[in-house]
Each structure stands twice: as C-alpha cells, then as structure tokens.
Amino acid sequence: FRFNSTPHRTAKKEEGDYLKNFVSRHTYSERDQEMGYLAIVAKGDVLIYETKLPASGALARVPENQLQFIVHQALDSLDEKIWNTTNMYMKEIDRFNNMPVSAYVTAGHIKFMLLHQLGQDENSIKQFFNDLYKLYIKVAMNPFYLKNTPINSSSFNERVKILARNHFFR
C-alpha cells in the first residue's frame with residue numbers, strides 16, 4: 001500500500017467528530033459487533049479507502065496497522081485467483097488466525113477486501129460487496145474525483161458503515 005504520510009489535523013478532527021456522531025446514531029449490541037476491516041485497493045496496489053468496522057473478540061484486539069498488513073498479504077493470493085475465474089466475488093481468498101479475507105474485484109481491477117470474523121454469511125458478504133460496488137461507481141463517476149486517489153468523502157464513509165450495519169448487523 002502507498003499511504004499518505006502528511007498529517008491533516010482538520011481531517012482528523014472532522015473524522016473524530018464524524019465517528020462520535022455516527023456511534024451515537026448507530027449503536028450496536030455487544031453480540032453484533034463482529035465485523036472487521038474493509039480496504040479498497042486500486043491498480044498498482046494503491047490503497048484508496050479503508051475503514052475499521054465494529055468488531056469484538058480476536059479481531060477487536062488486532063492493532064489497525066496489523067489489519068493493513070493482513071489485507072496486504074492477501075493481495076498476493078487475490079492476484080493469483082483473479083486470472084483463474086471470471087467471477088467478481090472471490091469469496092474467501094486468505095485466512096489469518098481464523099480471520100478470513102473475502103474479496104471482490106471490479107471490471108476495472110479495483111479490489112474490495114474485507115477482513116472479517118469466521119462464520120459470516122457468504123450471501124451477506126456478497127450482497128455487501130455488490131452494494132459497495134454501486135457506491136464506488138457513484139464516486140468514480142463524479143467528475144471531481146481523480147482516478148486511483150484516496151476517497152475522503154464523509155458521505156461515502158457514512159454510507160459504507162450503514163451498508164455494513166444493514167448486511168451484517170440485522
């Protein structure tokens with residue numbers, strides 16, 4: 001992954017405020033907090049979006065930078081599997097300590113990668129990826145969005161979290 005190393009204090013403050021508002025609007029029960037980490041990776045393995053979804057158990061104890069490494073490691077497995085199938089949804093492509101990584105590859109080779117708890121419903125994951133793809137297309141079609149650049153839209157981030165809640169926390 002290529003990370004932007006320039007700190008943006010206002011972005012951090014806005015992100016913090018957004019998260020406080022989001023948590024107050026969308027509370028999860030202790031039992032429901034079993035999701036993980038989502039990354040969208042563009043061509044050249046450039047990270048364009050990432051978010052940590054509510055988690056508990058083993059996944060909640062994993063530091064965020066280790067989540068990035070797990071997903072980055074899974075990119076190698078994904079690159080091998082892409083050429084062996086015509087499906088966009090790749091199901092489970094890799095596993096780390098009983099935490100599977102599922103993937104979805106668009107026609108433009110944008111990779112959606114989800115690190116999640118073992119036992120998540122495959123149909124929910126597939127539908128989540130399909131809906132995420134629709135959201136991504138809306139961002140990509142925006143004339144002000146530059147291809148393969150980070151997605152910093154708070155609206156996009158909020159919609160991703162709502163999608164995750166709708167598909168995994170029913």
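None of the figures in this text is laboratory data; all of them are computed from the coordinates on show. Fair warning: this is a prediction, and the values are worked out from it, not measured in the lab. All Cβ positions, even for glycine, are placed from backbone atoms using ideal geometry, and neighbour counts span all protein chains on display.
The range 83-99 and the range 128-157 have Cα centres spaced 22 Å apart. Proximity of backbone amide H atoms, modeled 1.01 Å from N, is registered between LYS91 and ALA103 at under 5 Å, excluding neighbours fewer than 5 places apart on the same chain. Label positions at GLU80 and ASN97, each projected 7 Å from the Cα along the C-beta direction, are separated by 2.3 nm.
Across the range 75-160, Cα pairs under 8 Å and at least six residues apart give a relative contact order of 17 percent.
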